[in-house]
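The block underneath contains the structure these notes are about, expressed in structure tokens.
The values are calculated or read from the model by the stated rules, or taken from the named source; none is laboratory data. Just so it is clear, the structure is predicted and the values come from calculations on it, not from any experiment. Positions of Cβ are backbone-derived with ideal geometry, glycine not excepted, and every protein chain shown enters the neighbour counts.
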Amino acid sequence: MCSKSESLEQKLQLIYSTIKSYPDFPIQGIIFRDIFPLFQDPKAFSAVIDLFEDHLRKKFPKIDLFVGLDARGFLFGPILAQRFGIGFVPIRKKGKLPGPTLSVSYTLEYGMAEVEIQCDAVQANQKVVVIDDLIATGGTLSAACELLNKMGANILECLVLIELKALNGVKKLNCVPFHALVEF
């Protein structure tokens, strides 16, 4: 576990050094940022969760709910929800949730996709933080925000581990507050 005495810079350096890069995966010209080594290193994973928590506690006096995106948002969201003593709600790919759902379609760089949320999962005016592993082109996070807006949620922020700056995905969030721990 990371000690509270470790500085922000030390924790960020540990995170950067633990994320692996794979050139030309899954296709030529792409550099894949692999976060799974973070989960093999308890100190690095603790640094991620600690930095997320510190950021949120400083910025928001009250959060009602964490909403995590399928599937890597599920790796961070429930742990943060537990630390804050609040609930966690998944946004999943179409067809993965039981009961009545609300869905939205969006465009990806290689086609179309659809995400959904259970209709009773978020109440109007709940203060929510949306969490995922990274933002690339912004399509999935934007679709999640659209779903939550339809439900009347108050989106405090979209929070990710990695922002791929060159892809400029933050523009698709239409001014929803955004924070990333690290940038590539």
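The table below lists the values:
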read-out	value
Residue tally, condition at pLDDT below 95 and on the phi > 0 side of the Ramachandran plot, over region 136-184	2
Residues (surrounded by fewer than 12 Cβ atoms within 10 Å (Cβ to Cβ) and touching a residue at least 60 places away in the same chain (Cβ under 8 Å)) located in region 9-20	none
Unmet criterion (only one of (1) touching a Leu at 6+ places or on another chain (Cβ under 8 Å); (2) over 21 Å from residue 172 (Cβ atoms)) for residue 67	(2)
Unmet criterion (only one of (1) closer than 28 Å to residue 147 by Cβ; (2) polar (S, T, N, Q); (3) touching a strand residue (DSSP E or B) at 6+ places or on another chain (Cβ under 6 Å)) for residue 21	(1)
Hits in region 106-121 (condition: touching a residue at least 12 places away in the same chain (Cβ under 8 Å), of a type outside the set (Asp, Glu) and surrounded by fewer than 20 Cβ atoms within 10 Å (Cβ to Cβ))	106, 107, 108, 113, 118, 119
Count - residues of region 92-134 that are part of a strand (DSSP E or B), closer than 18 Å to residue 74 by Cα and among the basic types (Lys, Arg)	2
Failed item in (1) farther than 27 Å from residue 32 by Cα; (2) surrounded by 18 or more Cβ atoms within 10 Å (Cβ to Cβ); (3) out of contact with any Cys (no Cβ under 9 Å at 6 or more places or on another chain); (4) not small (Gly, Ala, Ser), with residue 155 passing the rest	(3)
Filter pass, residue 111 being of a type outside the set (S, T, N, Q) and within 28 Å of residue 15 (Cβ to Cβ)	no
Pick from region 21-57, criterion assigned to a helix (DSSP H, G or I) and among the acidic types (Asp, Glu), ranking: surrounded by the most Cβ atoms within 10 Å (Cβ to Cβ)	50
